[in-house]
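Please read the structure below before turning to the comments.
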C-alpha cells in the first residue's frame, strides 16, 4: 500500500513539476503565446487572494518548484476507483512561498481531490519568478493529477 502511495505521489510530482504553467498561458491561444516573448502573469497583492489581479507583471524567469509535497489520494475516491485532475491557480510570493491556491477546474462529485491538492500545494516551496533580477509574486496554474495504478483500480 505504501509503495503504491509513493508511486502515485512520485508520478504526481513529476507531472506537476513539468507542467507548471503561467496562468495567462491557459487563456491565450497558441498564436498569442508565440507572439509574446515574455509571458504575462496576473500578480495579486500579498494577503488578498480573493481579489481580481490589480496589474500584470511580465517576468524574466518563471517560478520553479523546489520542494513539492505530494497530495494524499482521497480514500473515498480510491475505493470508488475514481481518478482525475485538479487545476489550481496558485499565487507564488516573491519569497517562494505559496500565498494562496484555489481550484480553477475540479473533479465533479469529488471535492476531496481539490482539498487534498490545495493542502499539498500550500506546502510547496519555489524558486521565485524574477523580473530584472528581482523576485516578484506571480500567479501560475498547476495541474495535480490523481491516478490509480492498475492494481488499485481493480
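Yes/no per residue for (1) over 29 Å from residue 75 (Cβ atoms); (2) touching a strand residue (DSSP E or B) at 6+ places or on another chain (Cβ under 7 Å); (3) surrounded by fewer than 21 Cβ atoms within 10 Å (Cβ to Cβ):
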{"position": "116", "(1), (2), (3)": "no, no, yes"}
{"position": "119", "(1), (2), (3)": "no, no, yes"}
{"position": "130", "(1), (2), (3)": "yes, yes, yes"}
{"position": "134", "(1), (2), (3)": "yes, no, yes"}
{"position": "148", "(1), (2), (3)": "no, no, yes"}
Filter result for residue 98 (in contact with a strand residue (DSSP E or B) (Cβ under 7 Å, 6 or more places away or on another chain), closer than 18 Å to residue 141 by Cβ and modelled with pLDDT under 95):
no
Taking the options 101, 141, name whichever one is surrounded by 19 or more Cβ atoms within 10 Å (Cβ to Cβ) and farther than 22 Å from residue 60 by Cβ.
101
From the list 52, 41, 69, 86, which residue is modelled with pLDDT under 50, in contact with a helix residue (DSSP H, G or I) (Cβ under 8 Å, 6 or more places away or on another chain) and either surrounded by 15 or more Cβ atoms within 10 Å (Cβ to Cβ) or not in a strand (DSSP E or B) (or both)?
41
Test: residue in the stretch 147-154 that is under 22 Å from residue 63 (Cβ atoms) and touching a residue at least 12 places away in the same chain (Cβ under 8 Å)
no
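The values are calculated or read from the model by the stated rules, or taken from the named source; none is laboratory data. In this text, all values refer to a predicted model and were calculated from it rather than measured experimentally. Backbone-built Cβ (ideal geometry, glycine too); neighbour counts: all protein chains shown.
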